[in-house]
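To start, the structure itself, in C-alpha cells.
Bear in mind these aren't lab numbers, they're just calculated from the coordinates by the rules spelled out. This is a predicted model, so every value here is computed, not measured. Here the Cβ positions follow ideal geometry from the backbone for every residue, glycine too, while neighbour counts run over all protein chains shown.
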Amino acid sequence: MQLQQIQQRFSDLGINLAVMTYDSQQDGFAFHQQNQLNYPVLMDQEAFHVSRLGILNQDVPKHSKYYGIPHPGIFLVDKNGVIQAKFAESGYRLRPDFNTVLDAAKKMATLANKP
C-alpha cells in the first residue's frame, strides 16, 4: 500500500494517519492485519461519514453490496478537528497524488507551529 510506504513522511510532520472503509469490521480488521498497518482503520458501513464528507460514489445504487464505496480521498484535519484540505478522485482506481498532499501537509504543519 502506497500510504503505508509514505507514512513516515507524515509522521515526521507530526501528522497521524487513519483510513476509513465501508467494509465490515471483520474485513477491516483482516485488511489491517494482512497489510500490517501502523494506523487505524475506521469503519463506516452505513456510509454516513462518506456521505457527509461528499465522497460517496453516487454511481453505486443503494441495494448494491458495494454501496458506501467512497471516491478515494484524503483529508488533512487540524488539531481542532477542522478539515484544512480535501483531495479526492472520481471512480475508485485513481488516488490523490501523495506529493501534492504532502506539500499541503507541510504547509499545514508550518502554520500549526507558528506562535
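What shape does segment 48-115 take by its C-alpha gyration tensor, where a ≥ b ≥ c are the square roots of the eigenvalues and a/c under 1.5 counts as rounded, a/b above b/c as prolate, and the rest as oblate? Note, shape of segment 48-115 comes out oblate. A cut-off of 5 Å between modelled amide H atoms, ignoring neighbours fewer than 5 places along the same chain, links V77 with Q84.
Take the residue pairs K65/K86; K79/K107; K62/K86 and return only those whose Cα atoms are more than 19 Å apart. Mind showing how you got there, number by number?
Values: K65/K86 27 Å; K79/K107 14 Å; K62/K86 25 Å.
Checking Cα-Cα distances, K65/K86; K62/K86 exceed 19 Å.
Amide H contacts under 5 Å for L56: H71, restricted to partners 5 or more places along the chain or on a different chain, H placed in the peptide plane at 1.01 Å from N. Between the listed residues M108, Q58, V77, the Cα displaced farthest toward the positive end of the dipole of segment 28-115, a dipole computed from Cβ unit charges relative to the Cα centre, is found at M108.
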